[in-house]
Every structure is written in structure tokens, then in C-alpha cells.
1. Could you list, in sequence order, all residues of the range 400-425 that are among the charged types (D, E, K, R) and modelled with pLDDT under 90?
2. Looking for something at pLDDT below 95, crowded, with 22+ Cβ neighbours inside 10 Å and more than 30 Å from the chain's Cα centre (by Cα) - is there at least one such residue anywhere in the range 119-127?
3. Please find, among D283, D277, the residue that is out of contact with any strand residue (DSSP E or B) (no Cβ under 7 Å at 6 or more places or on another chain) and at pLDDT below 85.
4. Specify the residue that is nearest to the chain's Cα centre (by Cα); the eligible residues are those in the range 331-352 that are modelled with pLDDT of 80 or more and farther than 16 Å from I369 by Cβ.
5. Only one of V261, V271 is assigned by TED's automatic domain parsing to the domain that holds L376 and either at pLDDT 70 or above or more than 30 Å from the chain's Cα centre (by Cα) (or both); which?
6. If a residue counts only when it is touching a Lys or Arg at 6+ places or on another chain (Cβ under 9 Å) and among the basic types (K, R), which strands (runs of 3 or more DSSP E) contained entirely in the range 38-123 have at least 1 such residues?
7. Can you tell me how many residues within the range 389-421 are in contact with an Asp or Glu (Cβ under 6 Å, 6 or more places away or on another chain) and either in a helix (DSSP H, G or I) or closer than 19 Å to K201 by Cβ (or both)?
Amino acid sequence: MSVSTIAAISTPLSVGGLAVIRISGENALGIADKIFKPFKSSSKKLPSEMDGYTCAYGRVVCDGQTLDDVVLTVFKAPHSYTGLDTVEISCHGGVYLARKILRLVFDSGAVPAEAGEFTKLAFLNGKLGLTQAEAVMDILGAEGDAALKSARLIKEGGMYKKIKSVSNSLVKLLGSLAAWADYPDEDIPKTDGKTVLETMKKAAADIGQILNDYDAGRVLREGIDTAIVGRPNVGKSTLMNALLGYDRSIVTTAAGTTRDVIEETVRLGDVKLKLCDTAGMRDTSDEVEAIGVERAKKKLEDAQLVIAVLDGSQPLTDTDRELLQTLQGRRRIVVVNKSDLPQVNDLAYSDDENILYVSANTGEGLERITQRVNDLFKLGQVSDGTHMFANERQRRLCMRAREFLDRAIDALEAGETIDAVTVCIDEATNALLQLSGEKVTEAVVDDVFSRFCVGK
């Protein structure tokens, strides 16, 4: 495969200690030979004469003039990130300087890299599976230890290997069925229904385990859409401010102060909560407040997690009870606020572990919210053996494979012939091959890598 030699600045475009210009392709070493001159103290080798995984100290030269003193690193095909000859030039971290060196690289024969093109080359050259390549973006965007760990697990290929194992077993099964059907006169043993059923059930179980891990992975990467709801003056805004660590929502003793949805992000341990402080739930004749209440109800419906706030210093109201009833079966945390005041709330009888007694005013009990979030989303179960998705594309294909396997299993157990379920097995296999990137359209590949930054 002949591709253009591409180049890009692979570090952020801002002033820093270093900037890195990455060049990769068949002519990467030749381009480096044109612009790089080693210092006398070094071996005087040109980049094309250097061994892979070696560095040289020298200068970048344009029209006989030195642009900068740099360190040049050589990675030779196929032992590079892209699988092609690659050169990285580390210069001083000035934006103008980095761009000037990049223009010199373009003038010497390279073309600008597109978004994600270096990683796309790694995929096309067999250095990474598609699921692993997609995980690179999550590594770049990780905002916590757990998110970084989940991205690393995907990058290292745990899920890819699992999917590959399942698809290989189904491909082998389809091959056996096709061989027996196409060459009936040959001495090929017929694959019996029991073997087919066992193979499909194991494949479905393996896929099911991966699907079960989806929520934890998504939460670590994207955070949790969280709605803080309750009656006016129960302490919703105070709670939000306490979680944020600064005053974001206006707090007064007047009911109906919060009239719109106020959104902020806070990190609790390893998880990010995308908080929405909503207008107090109540019937109101105020037109503006009424709009806020309707928006609050919409946020409640859409939220992945609901924090329902009650006032522990007051008896439960009908509005409180209606809210609690609405949240049955939802991922929710019931915060009984104002624990620093005398308690008259009648929830003390409940053994619901999702009911937490806190004081947003003093901070008492707030740490329990972090633990409940971890428990509700099973974040403590994330380990090196966890297989997580990088995105919705992967989950959708996995669900498609599981759906067709379930159809085939049900049909076979209902007495259908093996021939009748083969098409379902084939569809499940195709979904898994698309997931791993072994059977995927160019449009899908382009869409995946278009989300990357230039230079990666």
C-alpha cells in the first residue's frame, strides 16, 4: 500500500517546554535528511542512516539558516506506531517555531495529516484493532485514574481479544457447516445440533458479560448526567454548592429562587457528575418559575442519576411522597438534608441504603454520596479483567451479535434445523467482525478517525 508521507504538530498549540512534529510514511526519513543536520559531537549520521529507536541531537536548517536546535527520533518500519517509517522532531515549544518547522517539512515533500490519520495508519497496517484504535481517543480525553485505566484496558486489547475469540469460534462453526453442506459426498463429519447449540450459548454468554460491563465503562469516560430535584427550600442549591466547593447556585430563604436549570461538573473520586440544579417542584402561578419547573421535570426524566433532596427538619409532604414514588426503580440517591437541625422527617424507619442523611450547610455526610454513586454504577467492579466499550458503535454491534445468537438458540431449541439458523449465526459473526475492524466499510473507518485530533 502506497500512502503519502504525512506530518503534523503532535503537541498542543501553545507555548511550552517542547513541541513535537511527527512525520510518517515511506519518505519520512528522506524528508528528515533534507532538513536535519547533526552536530559534530554526534555520529554525523543522517536520519536515514540511523537505527530505529535512536535519537540524534542537531539542528533544523532552512536555506542554510538554523531554525532551532532539536532532538530527532527515528522509528523504522514496521516497528513504529503507524507501521511505517516515522520521525519525531522535538523542538523548543514556541507556536510560531513549531509551525515554521512544519511548513519546512511540507515544503520537503510531506502533506498535512488529517484528524486521527496517524492512528488510522496504525489500524490499516495491523498495529491496532479498531476497538484499540478507538481507545486511544479515550486515553487522550481521560480526566481521572479510573477513566484512564478503562481506556488503557481497551487499548491493550482485552475486549478485542475476547471478541476475536468469539468471532473465531463462530467462523469455525460456519466453516464446518458449509463444508458438510457443500461437499456431501466427501467424508466430512456432520456438525451435530448439540455442538452448534453449545458453541452459540458460549458465544452469547461471553458477549453478555461484555455488555454487562458497558455502564461502568461509559460512566468512567463520559460522567453521569445528574439531576438534583426536590421542593423549594429543601437545600438543593446549597447541596450543589457544597459538592462543587464554591457558590454557583444562588441560595436564599425565599422559595422559588432557582427558576432555571443550572449546570456544572464536579468530580467525586474517580467519577464525574454533570450536575443540574433545578427549580423547586411545586405548583406555581409565576409564569417564569412554572417554565423552570417543567424544565426540571424534563431533566429528571432524562437523568442517569437523580439526587432527590428532602428537608429532614420538616415532615414529608405530598410533593415529597409523589417524588419518591416517581423515582422507584430509578438510579437515585435520596438526600435527607439539614441533619444539623432537629429531625422530624419520617423516613427513619426505612432501611433503603440509597437514603443518606447529610448537612449541605456543614458538609456532614457528603462523602457518603461518592460511595453510593460508586455502588450504584458498580465502579468498584472495574478491574484488569473488565471488558469495556469505547463508544456506542461498539456496544450497538455487540448487541446486534447477541440478538442474532439468541434468535438462533431459540429457533434450534424449538426444533428448527441447523440450516435454518445458519443465517443468524452469519449475521452475528458479521457484527463481531465489524466490531473488531476485520470487516468494516471505509465510511465507518473514516467516521471513527475523524473524531481524533490532528497529530494523533
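The values are calculated or read from the model by the stated rules, or taken from the named source; none is laboratory data. Every value quoted in this text rests on a predicted model; they were computed, and no experiment measured them. Cβ coordinates were reconstructed from backbone atoms using ideal geometry, including for glycine residues, and neighbour counts include every protein chain displayed.
1. Matches in the range 400-425: E413, E416, D419.
2. No, that holds for no residue.
3. The unique qualifying residue is D283.
4. Selected residue: D340.
5. On the way: V261 fails: either at pLDDT 70 or above or more than 30 Å from the chain's Cα centre (by Cα) (or both).
One residue alone meets the criteria, V271.
6. Working: elements: 54-62, 65-75, 86-93.
Output list reads 54-62.
7. Looking only at that region, the number is 1.
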